[in-house]
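Report on the structure given below.
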Amino acid sequence: MIKSNNVVAMLLAGGQGSRLKLLTQEIAKPAVCFGGKYRIIDFTLSNATNSGIGNIGILTQYKPFELNAHIGIGECWDFDRITGGLRILPPFMRGTKGDWYTGTANAIYQNIEYIDSLDAKYVLVLSADHIYKMDYRKLLKYHMEKDADVTIATIEVPWREAYKFGILNVDSDNKIVEFDEKPKNPRNNMASMGIYIFNWDILKYYLKKDDKNRRSEHDFGKNVLPMMLNEGNKMYAWVFKGYWKDVGTIRSYWEANMDLLDKNSGLNLYDKDWRIYTRTKHLPPQYIGKNSVVRDSLINEGCTIEGEVNNSVVFSGATVEEGAVVNGSIIFSNAVIKKGTVLNKAIVLENTIVQPNKRICKEYEDDICLIEQGSVSIEQEEALYA
Amino acid sequence: MLEECLGVISFEDIGNEFGVLCRNKPVYMLPFAGRYRLVDFTLSNMINHGLHTIAVFTGSKIRSILNHLGDGKPWDLNRKTRGLSIFPPLFDDVKRRSCDIYQYHTTEEFFVGSKAKYVFIANPNILSKVNLTEVFEYFLDTGADITVVYKKQNNGKDEYINADTLIIDDSGRFVNIGINLGSKPVFNLFMHMILIKKEVFLEIIRAGMETGENIYFKQAVANYKNMYNINSYEFKGHVEYIRGIKSYYNANMNLLNKEIFNELFLEGGTVLTRSEDEPSTFYDTKSRVRNSLIANGCIIEGRVENSILFREVKIGKDAEVKNSILMQGAVIKENAVLINTILEKYVTVEEGINIIGIEGNPYTV
């Protein structure tokens, strides 16, 4: 149903994700590792390729080196095509001046020529901040059935959390009647997932109109979508059912990793019909030692586990030495947990060597501590270990 | 420097000793170490030492190797110039001659057409991390026409019966290639690695074909030894020669030894293979895994000890796996027991079934 030149996907991957603190110190949020072997962006890229999207533009801006290296020409997601495929779209110069992407809508606005050159009929706007599996074909089908101008993917969130989201108020046909951004008293619990499908000619008209408005922040949620609604466009909400998690903060990032250890979370990585793809590191299998205990955990290639690992996600090439105990933690690639050290609810960054016989995070049972070489920071207050 | 060298992967067909494991595939395509094929080691070692033009002589069972190699991308061999060449036998060869001299003769254009000055031939059934750069330097420094690689073994009485042994004089000059019949414990295992000047290689092929005296290249080398300067290079690292089910099983189990594992995987370059994008392996609450090598994509709920698990293996609750090799996609259901067994790809062991092989002589399913 999706013809490769019919739908053009635009993936917003330029954000810093400053609430992820140390994790995004050196890399863009979409490039942050997740789930033992992936990076956050892999979920959206894999959804796109599994949905038969043939054209995808990736809008990058913040510290893009690792992200660019990871994406390459997109061959890991089968996006190295003769026609179409994947393009990385950084901000660029026009004549003597150029601009950074100043908002989500502005990023698309600056690439109007790119989308035009592909002869797009529909534009699918995606963000690389979420962990989920979605068949975008279902969204497109709904959009076409409703003969809509814009369709927004939504998910039902718990009522008590609705105040954190952009809530859509709809009529009985799911036609959007009002946007309610982070409402104090929500009247609905359908939250926008930041996934939109537009008819390109209409979107183009409003992007140009928005660009002329100096007071606009050039953001889809704040500016462009409300303007389109005010001017009477047909906008529908499509309801997604399934696992979806925003990994914008350290806590939600940690929780999303832990969700992978729960068989009932709704996110199944082992489904061969909807594989999540990533760039492979060519490592040998993992070795589990003679006295080790591994329970309720995900362990990746190249790891050596001689100690005890419970309820944790361990990335490629990491080592847990004998007598070390890792509980409820996330260990990034090539980190080493030395003998006799006990970790609780920790995130250990790449290549960090955690010294032997330490007890880390015991005193902060609810908090998550971030460990990098030489220092430990406890969630928000920084505490330095000698 | 090694860019001036052609890599040739070629083997002697000894497939019959493997029973069901090699019914449809050559020995060098046997799965190994949880996610590799034997051939990956020879291929990766060549790549890691800078050989960029590689020819694979496939032998007659070509389906699996074609599928595995593809355009050579996992080994960075999908190049516009150089890269990978695959030479299956001609259709008529199956009835005629499948020996290596004949194969090289019928692909002579490949060798003549290349600008390379040297040829390096290796047998993919022999796994090692020979430092090819060092071999090449030795070859050049000694001004040899041919350098052959061997390993001094001290278990010739029990293992390596019928393996080729390299006979050399005190100065390391090539004397002959014989067969180890187990009369002495110490012998020089010929590792089936030959580094040779291309013009000498072509001369030997032509002479071998014209005289009809030789069907194997190694025989020809021995026959023409007086015409060339042939010396030897001693390799001192770990070698696995996969010659039958027993050596195949032992080679896998040896990987549970940290030193051997490190030598084969962590030192002297990465071993490359085709990736299958499995997620990490999940260990359930009641799993108990000890001293085992586990590939990605497995789901383990039961007990595993001293075993090698390939990708996507599932071990059910209270199942027990010991001293076994489980190939890709094998499923062990609840309460099943598997000891001293090699399980082929996608085999399912039903609930409560026990399969127990004899120690040191694994049962193959």
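The values are calculated or read from the model by the stated rules, or taken from the named source; none is laboratory data. Owing to the predicted nature of the structure, the values given are computational and were not obtained by experimental measurement. Please note: Cβ atoms are built from the backbone with ideal geometry, for glycine as well, and neighbour counts cover all protein chains shown. Ligands, DNA and RNA are excluded from the accessible area calculation, which covers all protein heavy atoms including side chains. Shrake-Rupley method; radii C 1.70, N 1.55, O 1.52, S 1.80 Å.
Filter segment A:141-159 for residues that are in a loop (DSSP other than H, G, I, E, B) and in contact (Cβ under 8 Å) with a residue 40 or more places away in the chain and give the result. Before the answer, list the steps.
The initial filter retains those residues of segment A:141-159 that are in a loop (DSSP other than H, G, I, E, B), namely A:146-149, A:157-158.
Of everything in segment A:141-159, those that are in a loop (DSSP other than H, G, I, E, B) and in contact (Cβ under 8 Å) with a residue 40 or more places away in the chain turn out to be A:K146, A:D147, A:A148, A:D149.
Do the conditions hold for B:V135, that is, is it at pLDDT 95 or above, in a strand (DSSP E or B) and under 19 Å from B:G269 (Cβ atoms)?
Considered against the rule, which asks whether it is at pLDDT 95 or above, in a strand (DSSP E or B) and under 19 Å from B:G269 (Cβ atoms), B:V135 comes out as no.
What's the total number of residues in segment A:255-282 that are closer than 17 Å to A:D135 by Cα and within 12 Å of chain B (Cβ to nearest Cβ)? Step through it out loud before you land on a result.
At the first step, the residues of segment A:255-282 found to be closer than 17 Å to A:D135 by Cα are A:266-277.
Pick out the ones that are also within 12 Å of chain B (Cβ to nearest Cβ) and you get A:267-272, A:274-277.
The total comes to 10.
If you go through segment A:51-69 one residue at a time, how many are open to solvent by less than 30 Å² (accessible area, probe 1.4 Å) and more than 29 Å from A:E217 (Cβ to Cβ)?
Residues in segment A:51-69 being open to solvent by less than 30 Å² (accessible area, probe 1.4 Å) and more than 29 Å from A:E217 (Cβ to Cβ): 2 in total.
Please find, among B:N252, B:N231, the residue that is open to solvent by less than 20 Å² (accessible area, probe 1.4 Å), among the polar types (S, T, N, Q) and either in a loop (DSSP other than H, G, I, E, B) or within 14 Å of chain A (Cβ to nearest Cβ) (or both).
The unique qualifying residue is B:N252.
Based on what the data block shows, is B:L77 at pLDDT 95 or above and touching a helix residue (DSSP H, G or I) at 6+ places or on another chain (Cβ under 8 Å)?
Details: at pLDDT 95 or above: no; touching a helix residue (DSSP H, G or I) at 6+ places or on another chain (Cβ under 8 Å): yes.
It is false that B:L77 is at pLDDT 95 or above and touching a helix residue (DSSP H, G or I) at 6+ places or on another chain (Cβ under 8 Å).
For (1) among the charged types (D, E, K, R); (2) open to solvent by less than 30 Å² (accessible area, probe 1.4 Å); (3) under 25 Å from the mean Cα position of the chain (by Cα), each residue gets a yes or a no:
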position: A:G242; (1), (2), (3): no, no, yes
position: A:W254; (1), (2), (3): no, no, yes
position: A:T280; (1), (2), (3): no, no, yes
position: A:V294; (1), (2), (3): no, yes, no
position: A:E308; (1), (2), (3): yes, no, no
position: A:N311; (1), (2), (3): no, no, yes
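On the basis of being at pLDDT 95 or above, closer than 22 Å to B:V27 by Cβ and outside any helix (DSSP H, G or I), does B:V119 make the cut?
Numbers: at pLDDT 95 or above: yes; closer than 22 Å to B:V27 by Cβ: no; outside any helix (DSSP H, G or I): yes.
So B:V119 does not fit the description; no.
If only one of B:G208, B:G178 is out of contact with any Lys or Arg (no Cβ under 6 Å at 6 or more places or on another chain), buried (at least 22 other Cβ atoms within 10 Å of the Cβ) and touching a residue at least 12 places away in the same chain (Cβ under 8 Å), which one is it? Please lay out each step first, then the result.
Values: B:G178 fails: buried (at least 22 other Cβ atoms within 10 Å of the Cβ).
Checking each option against the conditions leaves just B:G208.
Taking segment B:10-61, which residues are within 11 Å of the chain's Cα centre (by Cα) and part of a loop (DSSP other than H, G, I, E, B)?
Across segment B:10-61, the qualifying residues are B:S10, B:F11, B:P26, B:L30.
Considering (1) within 26 Å of B:G268 (Cβ to Cβ); (2) out of contact with any Asp or Glu (no Cβ under 7 Å at 6 or more places or on another chain); (3) surrounded by fewer than 19 Cβ atoms within 10 Å (Cβ to Cβ), say which one B:N78 fails and leave the rest.
All conditions are met except number (2).
Kindly establish whether B:G7 is surrounded by 23 or more Cβ atoms within 10 Å (Cβ to Cβ) and more than 30 Å from B:E312 (Cα to Cα).
Working: surrounded by 23 or more Cβ atoms within 10 Å (Cβ to Cβ): yes; more than 30 Å from B:E312 (Cα to Cα): yes.
Spelling it out, B:G7 is indeed surrounded by 23 or more Cβ atoms within 10 Å (Cβ to Cβ) and more than 30 Å from B:E312 (Cα to Cα).
Identify the residue in segment B:289-303 that is free of Cβ contacts under 8 Å to residues at least 24 places away in the same chain and facing chain A (nearest Cβ under 8 Å) and, among all such residues, is farthest from A:K290 (Cα to Cα).
The residue in question is B:G297.
When you go through B:N24, B:N48 one by one, which is the residue that is open to solvent by 10 Å² or more (accessible area, probe 1.4 Å), more than 30 Å from B:K197 (Cα to Cα) and out of contact with any strand residue (DSSP E or B) (no Cβ under 6 Å at 6 or more places or on another chain)? Spell out the reasoning first.
Values: B:N48 fails: more than 30 Å from B:K197 (Cα to Cα).
After ruling out the rest, the residue left standing is B:N24.
Going through segment A:85-98 one residue at a time, which ones are hydrophobic (A, V, I, L, M, F, W, C) and either open to solvent by 90 Å² or more (accessible area, probe 1.4 Å) or touching a residue at least 24 places away in the same chain (Cβ under 8 Å) (or both)?
Listed by number, the residues that qualify are A:L86, A:I88, A:L89, A:M93.
So if I check each of B:V304, B:V321, B:V331, B:V313, which one is surrounded by fewer than 24 Cβ atoms within 10 Å (Cβ to Cβ) and touching a strand residue (DSSP E or B) at 6+ places or on another chain (Cβ under 6 Å)?
B:V331
For B:N361, are the conditions met, namely being touching a residue at least 40 places away in the same chain (Cβ under 8 Å), more than 10 Å from chain A (Cβ to nearest Cβ) and open to solvent by 10 Å² or more (accessible area, probe 1.4 Å)?
On the way: touching a residue at least 40 places away in the same chain (Cβ under 8 Å): yes; more than 10 Å from chain A (Cβ to nearest Cβ): yes; open to solvent by 10 Å² or more (accessible area, probe 1.4 Å): yes.
Yes: the conditions hold for B:N361.
Does A:V320 fit the bill of being within 9 Å of chain B (Cβ to nearest Cβ), at pLDDT 95 or above and open to solvent by less than 10 Å² (accessible area, probe 1.4 Å)? Before the answer, list the steps.
Numbers: within 9 Å of chain B (Cβ to nearest Cβ): no; at pLDDT 95 or above: yes; open to solvent by less than 10 Å² (accessible area, probe 1.4 Å): yes.
When the stated conditions are applied, A:V320 does not pass them.
Give the residues of segment A:117-140 that are in a strand (DSSP E or B) and farther than 27 Å from A:G35 by Cα, sorted by residue number. Break it down stepwise before answering.
So in segment A:117-140, the residues in a strand (DSSP E or B) come out as A:122-127, A:130-132.
Scanning segment A:117-140 gives A:Y122, A:V123.
Would you say B:N262 is within 20 Å of A:E306 (Cα to Cα), within 16 Å of the chain's Cα centre (by Cα) and either exposed (fewer than 15 other Cβ atoms within 10 Å of the Cβ) or within 14 Å of chain A (Cβ to nearest Cβ) (or both)? Can you show your working first?
Working: within 20 Å of A:E306 (Cα to Cα): yes; within 16 Å of the chain's Cα centre (by Cα): no; either exposed (fewer than 15 other Cβ atoms within 10 Å of the Cβ) or within 14 Å of chain A (Cβ to nearest Cβ) (or both): yes.
When the stated conditions are applied, B:N262 does not pass them.
Restricting attention to segment A:99-134, which residues are open to solvent by less than 10 Å² (accessible area, probe 1.4 Å) and within 15 Å of A:G194 (Cα to Cα)?
A:A105, A:A107, A:I108, A:V123, A:L124, A:V125, A:L126, A:A128, A:I131, A:Y132, A:M134 - these are the residues of segment A:99-134 that are open to solvent by less than 10 Å² (accessible area, probe 1.4 Å) and within 15 Å of A:G194 (Cα to Cα).
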